[in-house]
């Protein structure tokens with residue numbers, strides 16, 4: 001059962017993300033891209049695993065908090081630029097989430113744990129970091145993959161799917177294979193994991 005503090009933090013995360021100028025059409029209505037992303041992260045986490053720590057629930061909701069404030073094109077459009085951008089984003093999201101959690105009255109231990117998870121430290125070694133990564137991958141596959149594979153070459157899609165698959169746990173793999181995909185999308189997944 002969510003605590004009053006958790007609900008308040010979610011509400012503040014959502015309020016911050018509602019300012020995203022980038023929109024996505026959901027049920028024929030435009031909605032702030034990062035607002036719907038955070039809500040999808042929470043829904044997917046809840047359906048993926050029933051009993052999770054409050055820190056993990058907070059980290060999932062704040063995963064992309066205010067992401068538009070550091071646009072991809074503010075870094076060189078190459079692999080090195082991309083990796084620098086991703087590293088900077090992790091720190092930025094952790095900092096933004098920490099400020100909101102302080103405002104909400106969370107203790108430093110919880111704030112530090114949320115920051116640790118958002119930065120995806122100790123992937124494959126820390127259970128909560130692994131669950132968060134699985135949920136990130138599942139949200140991508142369920143909501144963003146169909147648009148992604150239509151924009152890119154099959155080779156690039158297969159490469160990204162293989163990288164995604166390697167980051168996931170066995171439980172994550174099982175959940176991913178239960179999602180429904182259009183025929184072309186499923187075919188690319190089968191090629192990637194063969």
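Every number in this text was worked out from the coordinates using simple rules, so none of it is lab data. Just so you know, these numbers come straight off a predicted model, no measurement behind them. When we count neighbours, we look across all protein chains shown, and the Cβ atoms used for this are built from the backbone with ideal geometry, even at glycine.
With only alpha-carbon pairs counted, each pair once and no self-pairs, how large is the Kirkwood hydrodynamic radius of segment 105-164 in angstroms?
Hydrodynamic radius (Kirkwood, Cα pairs) of segment 105-164 is 13.3 Å.
Based on the Cβ-Cβ distance of residue 140 and residue 54, what FRET efficiency does E = 1/(1 + (r/R0)^6) give at R0 = 22 Å, to the nearest 0.05?
0.35
Per-residue ellipticity at 222 nm for the chain, helices alone: DSSP H runs ≥ 4 residues times -39500 (n - 2.57), over residue total, nearest 500 deg cm²/dmol?
Mean residue ellipticity at 222 nm (helix-derived): -21000 deg cm²/dmol.
Calculate how steeply helix 108-118 sits against the longest principal axis of the alpha-carbon atoms of the chain, using the helix alpha-carbon long axis, and give the answer as 0 to 90 degrees to the nearest 10.
Relative to the chain, helix 108-118 is tipped by roughly 10 degrees.
Given contacts defined as C-alpha pairs under 8 Å and at least six residues apart, what's the relative contact order of segment 1-142, whole-number percent?
Relative contact order, segment 1-142: 25 percent.
Starting with the highest mean, order 44-57, 22-35 by the number of other Cβ atoms within 10 Å, averaged over the residues of each peptide.
Result, highest mean first: 44-57, 22-35.
When a footprinting reagent is the concern and you count Cβ atoms within 10 Å, what order do 74, 98 take, fewest first?
74, 98
Have a look at segment 129-168 and give its Rg and Dmax from the Cα atoms, expressed in angstrom.
10.4, 30
What does the extension gain come out to for residue 3 and residue 103, with contour length at 0.36 nm per residue minus their alpha carbon separation?
34.4 nm
Consider just the alpha-carbon atoms of segment 1-119 and return their Rg together with their Dmax, both in angstrom.
Cα-based Rg and Dmax for segment 1-119 come out at 14.6, 44 Å.
Write down the radius of gyration of segment 124-194 and its Dmax, each obtained from C-alpha positions, in Å.
11.7, 35
Semi-axes of the equivalent ellipsoid for segment 1-61, please: Cα gyration tensor eigenvalues, times 5, square-rooted, ordered largest first, whole Å.
22, 14, 8
Could you list 88, 142 in order of exposure, starting from the residue whose Cβ has the fewest other Cβ atoms within 10 Å?
Lowest count first: 88, 142.
Of the peptides 62-72, 155-165, how do they stack up when ordered by the mean number of other Cβ atoms within 10 Å, highest first?
So the peptides 62-72, 155-165, ranked by packing, come out 62-72, 155-165.
For residue 46 and residue 22, FRET efficiency with R0 = 30 Å and r from the beta-carbon atoms, rounded to 0.05?
0.75
I need to check one value: relative contact order of segment 124-194, counting alpha carbon pairs closer than 8 Å and at least 6 residues apart, in percent.
In percent, rounded to a whole number, it is 45.
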